[in-house]
Amino acid sequence: MGIETEEIIGGADGPTTIFLLDKSKEPTFRQRMQSRITRIKRYFIAKRIHPGTHSLEELGEYLVSRYGFVEADMSDPQVIEEYEQLRVSLLFEHRPDLVGEPCFPSIDDIEDTEAVLRMMDEATKKNQEKADSIAREVFDLDFHKYVKTEKNAENMMDVTIERNAGYIGDGASGSKSFIRKSNKIMKDAYLYYGVSEEDIRTNSQRYKDLLVQLSM
């Protein structure tokens, strides 16, 4: 098992996260213990989960009514950029028959970080071109972004919902107390979205996502 490291880079299309896998290192004792603690924690959390679901549309309405989120304007350039990035990701994940395999260069033997970033940037552009070649009538998103801003403008939280694929994403920035608050909101949001008896029985992705969120 390798160790994942994360790098955030900037670019014309905004920040991009790249994960580099160091295959030469084994997980430390602390990492192994943390992994075991997480598994035990999820085991006991699973015991407290009961079936009951709401739709993604209802989840969006819940965020607005319960926590004061506002749905973002789809004409906002940043929202458009996020929509495009998610469309690329979901196309390769759910419709590889349309776009084939994603471009992802082999970087195992390359030690030059700048060279790696250039290769990743080129791969990102090629993947975007593949996605752009697919008409929106063939593959489109039911994309919604909800934003919550407090009096302190630095405290911001957003939740992205894509209803066709069942995608939920979130982000938050600001004070430590606000980050803790945003984590509690997302736990409640996932509990409200819920899982069915079949999700629990089959250990579905929806069920796994709930376990992960409640374990954080």
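The values are calculated or read from the model by the stated rules, or taken from the named source; none is laboratory data. In this text, all values refer to a predicted model and were calculated from it rather than measured experimentally. Quick reminder, even Gly has a Cβ in these numbers, built from the backbone with ideal geometry, and neighbours come from all protein chains shown. To get the accessible areas, we keep the full protein, side chains included, count just its heavy atoms, and leave off ligands, DNA and RNA. Shrake-Rupley method; radii C 1.70, N 1.55, O 1.52, S 1.80 Å.
Data table
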item	result
Average Cα contact separation per residue, segment 134-212, under 8 Å, 6 or more apart, as relative contact order %	17 percent
Most to least accessible of D108, D76, D188 (protein chains only, probe 1.4 Å)	D108, D76, D188
Added length on full extension, which subtracts the Cα-Cα distance from 0.36 nm per residue, S55 to V70	3.6 nm
Estimated FRET transfer efficiency when R0 is 45 angstrom, pair T38-S133 (beta carbons, to 0.05)	0.65
Extension gain (nm, one decimal) between K126 and E111, 0.36 nm per residue minus Cα-Cα	3.1 nm
Label point distance in nm, D97-E198, each placed 7 Å from Cα along Cα→Cβ	2.0 nm
Gain upon complete extension [S173, S215; 0.36 nm per residue less C-alpha separation]	13.1 nm
Segment 108-207: GluC sites (Glu not before Pro) in DSSP coil with no more than 11 other Cβ atoms inside 10 Å	E111, E137, E154
Inter-probe distance in nm under a simple model that places probes 7 Å from Cα toward Cβ, at T149 and K184	2.4 nm
Probe 1.4 Å - accessible area at H54, Å² to nearest ten	60 Å²
Mean separation of Cα contacts under 8 Å, 6 or more apart, over the residue count of the chain: relative contact order %	21 percent
Per residue accessible area in Å² of the chain, where ligands, DNA and RNA are left out and the probe is 1.4 Å	66 Å²
Two-decimal Rg/Rh across segment 93-216, once Rg and the Kirkwood Rh are taken from alpha-carbon atoms	1.05
